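Notes for the one structure printed next.
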Amino acid sequence: MKALLASADWRSQGSLADYLKASDIPGIEWIDTCALTRHIRLQCAMKAVLSTEDLDPDSLAEKARQSPDMWLAVTLSKM
């Protein structure tokens, strides 16, 4: 994470990048978050894949197609 190398709070004991790495949480940088939010709102729930190893678009698209539909589990649990 290039944009947040230093913490804005003097009490913090590490950077956001350090926290994400230690917690094994992926981070995304250099994207237009407003455009991403707008796209998700217009398209609703979509299957997606996030990978740092397999960078082949066709392979990633197939992995996304093979992933389970999560909306059904969320919808049924609220009934």
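Nothing in this text is a laboratory measurement; each read-out follows from the coordinates by a stated rule. Just so it is clear, the model here is predicted, and its values are computed rather than measured. All Cβ positions, glycine included, derive from the backbone under ideal geometry; neighbour counts span all protein chains shown.
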Using a Förster distance of 25 Å, how high is the FRET efficiency between His39 and Ala17, based on the Cβ-Cβ distance and rounded to 0.05? 0.45
Computed ³J(HN,Hα) along segment 11-26: with the Karplus parameters 6.51/-1.76/1.60, θ = phi - 60°, integer Hz and x for glycine or proline, the list is 7, 5, 10, x, 8, 4, 4, 4, 4, 4, 5, 5, 8, 6, 10, x
